[in-house]
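For reference, the structure discussed in these notes is given below.
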Amino acid sequence: MRKLVLLISAIALLSSCHIYKAYERPEVNTQGLYRDTLVSSDTLNFGNLPWREVFRDTALQTLIELGLKSNVDLQTAQLRIKQAEAALLSSKLSYLPSVQFNSQGTINSFNRQSAARSYQLPVAASWEIDLFGNLLNAKREAKMALLQSEAYRQAVQTQLIASIANSYYTLLMLDKQLAISEETTRNWEQSVVTMRAMKVAALTNEAAVTQSEANYYQIRATLPDLRRQIREVENVLSVMMGQPPHAIARSEWQEAGYDMPECLSAGVPLQLLSNRPDVKQAEMALATAYYATNSARSAFYPQITIDASAGWTNSTGTAILNPARFLATAIGSLVQPLFNKGKNIARLKIAKAQQEEALLNFQQSLLNAGSEVSNALYQFHSSGEKSEQRVHQVEALRQSVQYTQSLMRLGTSTYLEVLTAQQNLLTAQLTQVSDRFEQMQAVINLYQALGGGRDD
């Protein structure tokens, strides 16, 4: 019998070498992930910078620190790690024998005779010999699941830092647009006063005065919407920091406009494999599926278990002895699945399909990462070009307003021309702020796309 067990084990071991093989990353082609010619071969990576070096605004740093401490999504991700750690510990302990103490005592009395007391004090142990990788693959699968949960937490952290920064600079943009609109409101209010004085002097008519008043009220009507947007962004920021809605302390727009890096390096695409938390998460999901497939394969091979028990008893089954005697037993069992209605075959097919799906998801995550980096790079450079041109446009329109106002006082220009110039200037000023915000947003997006904000 012993020889037969050894023979079966040897044959099974020779035919099942592949179930012990550790996960290896499949070949992935990272060439051409960045389509932009602006990307160099420099290995310096903007995403490797600590977030405090990227976001140097002290008010923003305070908000990010609060978010990292109290954000609910980040705390949930941390709890997932604890669950995965417990699962990994459980899989490691599976290598140890299970031991249990099972005491039993009985009292028997027949026809009011003296009671006969018997007892058993055994300690039982059961140990599975992992010859065919069942426990090994379960442990490796649990380890990959832990790494996957850690990558997920990093992805949540990266997203959180980027979202807080985006919302913060959105607030600064809205603050600046509100300030521009309020200043324009005051200027147009003074324009109404001027038009009324010109009407008294017979230099204009009632229609021009009425038009100037309408223009004044039009710009005033935009102020409540801007204040509402500011309030809503503050509320969003508060929730991200795990706090009730409240006002957000922040810097001025002019200060924020120069605290962002101007020179960016995306590094080489290969770095996305180690830097992007979502890419790492997708790869760990693939590794988890790989070991799940190996576990499904191991179900086809024998399972060897050793059961042993030892203890004291005063009952031999036929008589009751005093004092008790020591009793020990050991049993070895081998279970070879032969026919189980195709369950093992179905399980293996499902595992293989899930592994193929995980591979596709991993490949897609790389493509998405490359696309995001390319988009952020192009957004940064295009918004920079727009900002340069917008400066000249605003300056030209400011002069146009001054010229048309002077000409109107001389009677050589109409109020309609002045109104058009004022509206064009306001639109250009608001757009100029939006262009600068878009450039800041591109920096944030690129930092996130490169996996910035990691703990390491």
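The values are calculated or read from the model by the stated rules, or taken from the named source; none is laboratory data. Because the structure is predicted, anything quoted here is derived from the model rather than measured. Here Cβ is always computed from backbone atoms with ideal geometry, including for glycine, and neighbour counts include all displayed protein chains.
Tell me which residues, restricted to segment 392-421, are of a type in the set (Gly, Ala, Ser) and closer than 18 Å to residue 208 by Cβ. Steps first, answer last, please.
Kept after step one, since they are of a type in the set (Gly, Ala, Ser), are these residues of segment 392-421: 396, 400, 406, 411, 413, 421.
Correct list: 406, 411, 413, 421.
Can you name every residue in segment 221-242 that is surrounded by 15 or more Cβ atoms within 10 Å (Cβ to Cβ) and in contact (Cβ under 8 Å) with a residue 24 or more places away in the chain?
The answer is 222, 226, 229, 230, 233, 234, 236, 237, 240, 241, 242.
Take segment 64-107 and flag every residue that is part of a loop (DSSP other than H, G, I, E, B), at pLDDT below 90 and surrounded by 15 or more Cβ atoms within 10 Å (Cβ to Cβ).
First pass over segment 64-107, keeping only residues part of a loop (DSSP other than H, G, I, E, B): 71, 94-97, 102-103.
Then keep just the ones that are at pLDDT below 90; that gives 94-97, 102-103.
Residue satisfying the conditions is 94 alone.
Please indicate, with yes or no, whether at least one residue in segment 417-426 is surrounded by fewer than 14 Cβ atoms within 10 Å (Cβ to Cβ), at negative phi and of a type outside the set (D, E, K, R).
Of all residues in segment 417-426, those surrounded by fewer than 14 Cβ atoms within 10 Å (Cβ to Cβ) come to none.
No: segment 417-426 contains no residue that is surrounded by fewer than 14 Cβ atoms within 10 Å (Cβ to Cβ), at negative phi and of a type outside the set (D, E, K, R).
Please go through (1) surrounded by fewer than 16 Cβ atoms within 10 Å (Cβ to Cβ); (2) in a helix (DSSP H, G or I) for residue 405 and return the number of the only condition it doesn't satisfy.
Against the list (1) surrounded by fewer than 16 Cβ atoms within 10 Å (Cβ to Cβ); (2) in a helix (DSSP H, G or I), residue 405 comes up short only on (1).
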